[in-house]
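A.B. asks: Got a structure for you, written out below as structure tokens; questions coming shortly.
Bear in mind that the values in this text are calculations on the coordinates, not laboratory data. All of these numbers come straight from a predicted model, not from anything done at the bench. Virtual Cβ from ideal backbone geometry, glycine too; neighbours counted across all protein chains shown.
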Amino acid sequence: MNFIKKIFDGKIDDSVHIKFQKFSKGEFKDRAVINVRKTKNAWKIGTTAEFANELVYVVAKKLTGKAKVKGAIISAKDLGIEYQGKKQFMGVKQFLIDKEMSKEEILDILEKHPHAFAALSFQAQDTILKIKAKAPKTAKPSSKGDAKPKADFCKLETQDVNIVKDFLFDINTDSKNVEISHDFIIQELVLPKNEKDFAKIRELAKRKGKIIRKINIEGKEQVKEKDFVI
């Protein structure tokens with residue numbers, strides 16, 4: 001289940017909280033952008049970087065045997081994983097991956113290092129995943145004239161309707177062309193009580209606000225809202 005669906009279903013967990021740790025108060029427009037195009041026998045899905053780890057998880061779960069995996073695991077910390085190369089810039093480390101990996105090996109990295117960014121490309125059965133092997137941009141409040149981010153950081157081609165349903169959880173998966181974007185409105189930071197450690201405060205602080213889901217189905221627009229404390 002992707003983090004947007006979790007918010008709308010009221011099933012917020014640690015993985016959703018991690019997504020919002022980088023956000024301050026403010027309005028963050030056109031985040032978590034999704035484009036879905038239905039072809040004769042498959043769906044082509046493009047997204048911004050927010051969905052990378054979840055896409056890697058979903059596709060890895062479909063693996064039987066091993067797949068050729070290329071890309072990078074990106075983190076500010078050393079992860080203790082096997083890698084084929086390493087780059088570092090401004091304290092951000094890119095552990096380059098180019099090897100055969102099993103489902104268990106991929107899932108182990110995701111589960112042990114939930115704060116890391118998994119920019120991995122590989123194929124499992126009828127599903128092909130391609131993610132740009134670079135760090136995503138830091139979230140900043142929107143300003144007038146900001147262009148909507150392109151939904152091309154992650155690209156997925158699949159025949160698995162269940163993956164599509166997870167993104168189009170509130171609309172018909174038979175729609176030929178769908179574009180979705182989200183505004184994150186952070187109204188308040190809820191700080192933990194009786195905590196003195198600044199790092200802990202930053203880690204545990206919750207964001208209170210709402211998400212605005214903007215859906216365009218072949219030119220017809222819908223808008224939905226959901227309050228949250230994350």
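A.B. asks: Each residue of the stretch 168-177 in turn: what ³J(HN,Hα) in whole Hz from Karplus with 6.51, -1.76, 1.60 and θ = phi - 60°, glycine and Pro shown as x?
C.D. replies: Computed from phi, the couplings for the stretch 168-177 are 9, 5, 10, 9, 6, 6, 7, 4, 6, 9 Hz.
A.B. asks: For K103, go through the aspartates and glutamates and keep the ones whose alpha-carbon is under 20 Å away, minus same-chain ones fewer than eight residues off.
C.D. replies: In chain and number order, the partners are E54, E82, E111, D126, E157, D160.
A.B. asks: May I pose another question? Assuming 0.36 nm per residue, please report the length gained on full extension of the stretch E111 to T138 beyond their Cα-Cα distance.
C.D. replies: Taking E111 through T138 to full extension adds about 7.5 nm, to one decimal.
A.B. asks: How much length is gained on full extension from S175 to K38, taking 0.36 nm per residue of separation minus their Cα-Cα distance?
C.D. replies: Answer, rounded to one decimal: 48.6 nm.
A.B. asks: Please check: in the Gaussian network model of the chain (C-alpha springs, under 10 Å), which one of T127, T158, T138 has the largest mean-square fluctuation.
C.D. replies: T138
A.B. asks: Test of understanding: in a Gaussian network model of the chain with alpha carbons linked when under 10 Å, which of L63, L120, L204 would top the mean-square fluctuation ranking?
C.D. replies: Among L63, L120, L204, the largest mean-square fluctuation in the Gaussian network model of the chain belongs to L204.
A.B. asks: Oh, and also: Are any of the pairs K61/K112; K5/K206; K62/K224; K112/K165; K77/K140; K22/K68 more than 21 Å apart by Cα-Cα distance, and if so, which? Don't skip to the end; give the middle numbers.
C.D. replies: Working: K61/K112 16 Å; K5/K206 19 Å; K62/K224 31 Å; K112/K165 27 Å; K77/K140 23 Å; K22/K68 32 Å.
Violating the 21 Å Cα-Cα cut-off are K62/K224; K112/K165; K77/K140; K22/K68.
A.B. asks: At a 10 Å Cβ-Cβ cut-off, how would you order H182, H115, H17, fewest neighbours first?
C.D. replies: Ordered from fewest to most neighbouring Cβ atoms within 10 Å, H182, H115, H17 come out as H115, H17, H182.
A.B. asks: Using +1 on the beta carbon of Lys and Arg, -1 on that of Asp and Glu, and nothing else charged, what's the dipole of the chain about the Cα centre, debye to 20?
C.D. replies: Using Cβ point charges on Lys, Arg, Asp and Glu, the chain gives about 580 debye.
A.B. asks: Oh, and also: Order of K68, K40 from fewest to most other C-beta atoms within 10 Å?
C.D. replies: K40, K68
A.B. asks: Once both labels are modelled 7 Å past Cα along the beta-carbon direction, what's the K206-D227 spacing in nm?
C.D. replies: Going from the K206 label point to the D227 one covers 1.3 nm.
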